[in-house]
Structures are given as C-alpha cells and as structure tokens.
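The values are calculated or read from the model by the stated rules, or taken from the named source; none is laboratory data. Because the structure is predicted, anything quoted here is derived from the model rather than measured. Reconstructed Cβ throughout: ideal geometry from the backbone, glycine too, with neighbour counts over all protein chains shown. SASA here: full protein model, heavy atoms, side chains in, ligands and nucleic acids out. Shrake-Rupley method; radii C 1.70, N 1.55, O 1.52, S 1.80 Å.
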Amino acid sequence: MFDYHMHSDFSADCDTSMEKTIESAIEKGIAEISFTEHIDYDYPDPTIVFDLDLEKYDRKIKEMQEKYRGKISIKKGVEIGVQPYLLERYEHMLEKETFDFIICSMHAADRKNLHRGDFFHNRTAEAAYELYYEEFLYCVRNFDDYSILGHLDLVKRYKSLNSDADFHDIIREIFKTIIPKEKGIEVNTSGFAYGLGSGMPSADILKLYRECGGEIITVGSDAHEASHVGRHIRETYELLASIGFKYIATFDKLEPSFHPIDRFL
Ligand SMILES: [Zn+2]
Ligand SMILES: [Zn+2]
C-alpha cells in the first residue's frame, strides 16, 4: 500500500514527529509514504500560520530517507492551500523548490475560512458549495504546479445540503480541465473519521472522474497522528477497482508511476 497524504510537526496543525509516523507506517506494512506538509499563504485565521521551513524540511526528509532506507520509501510532498488570488505566489515559491508530490487543496474560499465556518456565514449551503467549486475551477484553469487535487469535496465536511444538488456540472468542468493536463485527484480517507461515510471525494464524484477519462489517482489518510497512517486505504483501493480504476499512482520528482490496483486486492 501507499499512503500519499500525511502531516508531521512541520505542519502548523500537527505535533507528531516524522519518526513516529514512519514507524507506524512500517508496522502496517506500507511500502511508500509521502509527507505532504501544509503551506497555506494568507490563511484567513489569525491564530494559526501555515508556513513551512523549506530548508529544514528538505534536510529532515533526506535524513529520514537515509535512516529508514530498505524499510520504507519516503517522498517529499507538500499540500498547498490555493485561492484564486494566491496562485502567482505559489508559482514563485514552487519555481525554486523541488518536491516529489504536490497536493493542490482549497482550505478557504472567498478569502474566508472553511474550517472555522466563516465562509458559511450569510450564505446558504448551496451557494457556499457553488462558490467553493467555482473558485476551485478558477484555480485549475489558471494554475498547473501540482500533481493532484486534494479532498475535492472538502466543503461537505463542514456543511450539509438541504437539497440533493450534486454540483456534477461544475465538477465535470474541473475534471475536463485537469485531465488533459495530466493532473489527478486523491481520495482522502479522513472523510470516514469526519462522519462522511466515505473518503473525499465521495463515490459519485469518483465515478464522474472515471467517466471523464480520469486515471491519475492517489490515496492518502491525511494522518495528523501516527496511528491514523494507512487508515481505510485498502477498502478505498477496493472501491476504486469496483468503479473501474486500474492503477494507483505514486510520484517521484513530480513524475507519476502507475501500480496495477488488482495487486493490492
Ligand atoms: Zn487539506
Ligand atoms: Zn492534509
């Protein structure tokens, strides 16, 4: 198995050491992991600053790769929190840095925080979902410096709808934009822990991605503590296989490799 989304104490919202997380992954028989530490420029919550010490992070990853060589493969990833007005700033940073894997996530929309709920004040859930996906679409139309889109339907974690709107039209536009550019999506299995009953995105969106011709897909736990590494990954592989996906992707210096999914079932 591969776990392609996790945080350590290099992320502002996590205090687990890399060593603990790596050892937990080894115990669970995971072949390869990618740390994906947060960078969220201008995060709209003054009580937390999602900055990453890039030099120190690079040194630590190299040290961990050396220390655990032969036991597990460790990749250097990052999870950037995009918003339409921040894209250029990320381009500048990513020009100078080397990562194996880049997750493009949206943790804020309309310059407001999803996590604390500010984004949902004074708008219906339907309007909030629509604006969230519209801003995501703007970002993928104007930005290419990433490997996959993180937890695409994250907005569901914070607010449920009063209707059965599925937003497939706008999500389809997102897929039609990213697929020709050879970008992918992830399944973020933390959705189970937040009571969504599935990973993020949900199965209907995964089917839509497959129908649009999407093939590049990673699976990650979004672990912020060591025990969460690897959670729900195998069942997610089974779900993906049942939808018709053939491969799980891993990344090295932003180049994807494809591993037949049936090997894990
Ligand atoms: Zn995230
Ligand atoms: Zn994350």
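Using the Kirkwood radius built from alpha carbon pairs, what does the Stokes-Einstein equation give as D for region 13-136 at 10 °C and 1.306 mPa s, in µm² per second?
On the way: Rh = 16.3 Å.
Calculated translational D: 97 µm²/s.
Between GLU215 and LEU131, the distance separating the two model label sites (each 7 Å from Cα on the Cα→Cβ line) works out to 3.9 nm. In sequence order, region 140-151 has phi-based couplings of 6, 6, 10, 8, 10, 8, 7, 9, 9, 8, x, 4 Hz under the Karplus curve 6.51 cos²θ - 1.76 cosθ + 1.60, θ = phi - 60°, and Gly or Pro positions carry x.
Averaged across orientations, what area in nm² does the convex hull of the alpha carbons in region 162-265 project? Provide the component values of the computation, followed by the final result.
Details: hull surface 30.4 nm².
Here the figure is 7.6 nm², rounded to one decimal.
Rounded to the nearest 0.05, the FRET efficiency derived from the C-beta distance between VAL49 and LEU254 at R0 = 25 Å is 0.40. Between LYS96 and GLU63, the modelled label-to-label distance comes to 2.3 nm, taking each label 7 Å out from Cα in the direction of the beta carbon.
Quick one: work out Rg over Rh on the C-alpha atoms of the chain, Rh as Kirkwood radius.
0.94
One-quarter of the Cα convex hull surface for region 1-86, in nm²?
Numbers: hull surface 24.0 nm².
If I average the Cα hull's projected area over directions, I get 6.0 nm².
Determine the calculated [θ] at 222 nm for the chain from helices alone, applying -39500 (n - 2.57) to every DSSP H run no shorter than 4 residues and normalising by the residue count; nearest 500 deg cm²/dmol.
Values: 8 runs with 87 residues, N = 265.
Taken over the chain, the calculation gives -10000 deg cm²/dmol.
For region 114-222, the pair-distance distribution built from all alpha carbon pairs, in bins 10 Å wide starting at 0, is 14, 48, 34, 4 percent.
Here the extension length gained between ASP13 and TYR194 equals 63.5 nm, from 0.36 nm per residue of separation less the Cα-Cα distance. The Cα trace of region 62-189 gives Rg and Dmax of 16.5, 53 Å, the first to one decimal, the second as a whole number.
Heavy-atom accessible area per residue, the chain, 1.4 Å probe: how many Å²?
Working: 11720 Å² over 265 residues.
Roughly 44 Å² per residue, with all protein chains present.
Roughly to the nearest percent, how much of the accessible area of the chain is carbon and sulfur, given a 1.4 Å probe? Could the numbers behind the result be given before it?
Details: 5340 of 11720 Å².
Carbon plus sulfur share of accessible area: 46 percent.
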